[in-house]
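Participant: Got a structure here, written out as structure tokens. Questions coming.
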Amino acid sequence: MSGKLIVICAPSGTGKSTLLSHLKEDHPDLQWSISCTTRAMRPGEINGKDYHFITVSDFEKQIADKEFIEWAIVHSNYYGSSKKFVDEGLKLGKKMLFDLDVQGVDSMKAIYGKEAHVIFIEPPSIEELEKRLRTRGTDPDHVIKERVSNAQRELKRKNDFDYLVLNDDVNEAYKKLNEIVTCLLNA
Ligand code: ADP
Ligand code: 5GP
């Protein structure tokens, strides 16, 4: 039995979490990789469901103990994916879903090559992305500015991956994303 690695990558504010929540509902067989992060929890987030929210010293200990398959500093915080989750999932033939920034994608591709299927989601424009971040209302102004600036850099990589989905109309975007994931799961 062979496992499957599906990675979603999108600049913050694109609408990735919105699309992923539908994907998780429609594909309960997909095992969601719950990352560790040192960023502060947003209202409504659940520790152990959205992320494992841990301290910088705990994160650095886990780096030293080689507990991450990949980790990166994104928007000034640590984020990392559990090595044990991936190793055990692959051994058991599980289908796994990841939400990573481009550094994390590069690390996964370096390890798993074509076995890691990467879907990049792009916003209609940087202005619309900023508007979405402001409408979401979860981040202070300086964090939004940092995320918009990082988004401009990440968008330069949009054609480097296996699939590209535009999130303009959310229903259209989900339809396309779901088609790609369904196809990958049935392959
Ligand atoms: P991300 O996880 O990529 O940072 P979110 O899923 O939190 O982004 O979405 C950011 C904001 O944009 C949320 O308020 C969400 O409801 C909204 N949003 C998501 N997709 C769309 C879309 N296609 N059109 C307009 N607003 C959207
Ligand atoms: P957010 O703080 O908005 O939840 O996520 C910020 C960014 O971190 C997003 O681009 C998301 O894809 C990325 N991210 C989340 N988890 C991980 C992870 O485990 N590793 C890496 N490299 N990036 C992650």
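The values are calculated or read from the model by the stated rules, or taken from the named source; none is laboratory data. What you are looking at is a predicted structure, and each value in this text was computed from that prediction instead of being measured. Virtual Cβ from ideal backbone geometry, glycine too; neighbours counted across all protein chains shown.
Participant: Among the residues of the range 13-33, how many are more than 10 Å from ligand 1 (Cβ to nearest atom) and touching a helix residue (DSSP H, G or I) at 6+ places or on another chain (Cβ under 8 Å)?
Facilitator: Of the residues in that region, 9 qualify.
Participant: Kindly check whether there is at least one residue in the range 74-94 that is within 26 Å of Arg42 (Cα to Cα), out of contact with any helix residue (DSSP H, G or I) (no Cβ under 6 Å at 6 or more places or on another chain) and among the acidic types (Asp, Glu).
Facilitator: The answer is no; no qualifying residue exists.
Participant: Further question: Do the conditions hold for Ser57, that is, is it more than 16 Å from ligand 1 (Cβ to nearest atom), of a type in the set (S, T, N, Q) and either surrounded by fewer than 17 Cβ atoms within 10 Å (Cβ to Cβ) or not in a strand (DSSP E or B) (or both)?
Facilitator: Yes; evaluated as a whole, the condition is true for this residue.
Participant: Just to be sure before I move on: is Lys114 closer than 30 Å to Cys183 by Cα, without any contact (Cβ under 8 Å) to a residue 60 or more places away in the chain and in contact with a strand residue (DSSP E or B) (Cβ under 6 Å, 6 or more places away or on another chain) in the structure I sent?
Facilitator: no
Participant: Kindly evaluate Asp26 against the criterion of being away from ligand 2 (no atom under 14 Å from the Cβ) and under 29 Å from Asp168 (Cα atoms). Spell out how you get there, then give the answer.
Facilitator: On the way: away from ligand 2 (no atom under 14 Å from the Cβ): yes; under 29 Å from Asp168 (Cα atoms): yes.
So Asp26 passes the test.
Participant: If I ask for residues that are more than 13 Å from Asp99 (Cα to Cα) and without any contact (Cβ under 8 Å) to a residue 12 or more places away in the chain, which ones from the range 1-39 would you list?
Facilitator: Across the range 1-39, the qualifying residues are Glu25, Pro28.
Participant: Same structure, new question: Which one of Gly89, Gly93, Gly44 is more than 8 Å from ligand 2 (Cβ to nearest atom), crowded, with 18+ Cβ neighbours inside 10 Å and outside any strand (DSSP E or B)?
Facilitator: Answer to the selection: Gly89.
Participant: Being surrounded by fewer than 16 Cβ atoms within 10 Å (Cβ to Cβ) and of a type in the set (A, V, I, L, M, F, W, C) is the filter here; which residues of the range 1-41 pass it?
Facilitator: Met1, Ala40, Met41
Participant: Residues in the range 149-162: is at least one touching a Lys or Arg at 6+ places or on another chain (Cβ under 7 Å) and in contact (Cβ under 8 Å) with a residue 24 or more places away in the chain?
Facilitator: No: zero hits.
Participant: When the residues of the range 2-12 are filtered to those that are modelled with pLDDT of 95 or more and not in a loop (DSSP other than H, G, I, E, B), which remaining residue is farthest from ligand 1 (Cβ to nearest atom)?
Facilitator: Once the filter is applied, the top-ranked residue is Leu5.
Participant: Within the range 69-84, restricting attention to residues that are part of a strand (DSSP E or B) and over 13 Å from the mean Cα position of the chain (by Cα), which residue is nearest to ligand 2 (Cβ to nearest atom)? So that I can check it myself, show each step before the final result.
Facilitator: Keep residues of the range 69-84 that are part of a strand (DSSP E or B), which gives 69-74, 77-82.
Now narrow it down to the ones that are over 13 Å from the mean Cα position of the chain (by Cα): 69, 73, 77-78, 82.
Details: Ile69: 9, Ile73: 9, Asn77: 7, Tyr78: 9, Ser82: 9 Å.
So, considering only residues that are part of a strand (DSSP E or B) and over 13 Å from the mean Cα position of the chain (by Cα), the one nearest to ligand 2 (Cβ to nearest atom) is Asn77.
Participant: Specify which of the listed residues (Ser33, Ser12, Ser17, Ser21) is more than 9 Å from ligand 2 (Cβ to nearest atom), of a type in the set (Gly, Ala, Ser) and out of contact with any Asp or Glu (no Cβ under 7 Å at 6 or more places or on another chain).
Facilitator: Checking each option against the conditions leaves just Ser21.
Participant: May I pose another question? Is there any pair with a first residue in the range 171-186 that is of a type in the set (Gly, Ala, Ser) and a second that is surrounded by 16 or more Cβ atoms within 10 Å (Cβ to Cβ) and part of a helix (DSSP H, G or I) whose Cβ atoms are under 8 Å apart and which are 6 or more apart or on different chains, and what are they?
Facilitator: Final answer for the pair search is Ala173/Leu19.
For (1) more than 21 Å from Cys9 (Cα to Cα); (2) modelled with pLDDT of 95 or more; (3) among the aliphatic types (A, V, I, L, M), each residue gets a yes or a no:
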{"position": "Asp26", "(1), (2), (3)": "no, yes, no"}
{"position": "Thr38", "(1), (2), (3)": "no, yes, no"}
{"position": "Gly44", "(1), (2), (3)": "yes, no, no"}
{"position": "Gln62", "(1), (2), (3)": "yes, yes, no"}
{"position": "Ala72", "(1), (2), (3)": "no, yes, yes"}
{"position": "Asp101", "(1), (2), (3)": "no, yes, no"}
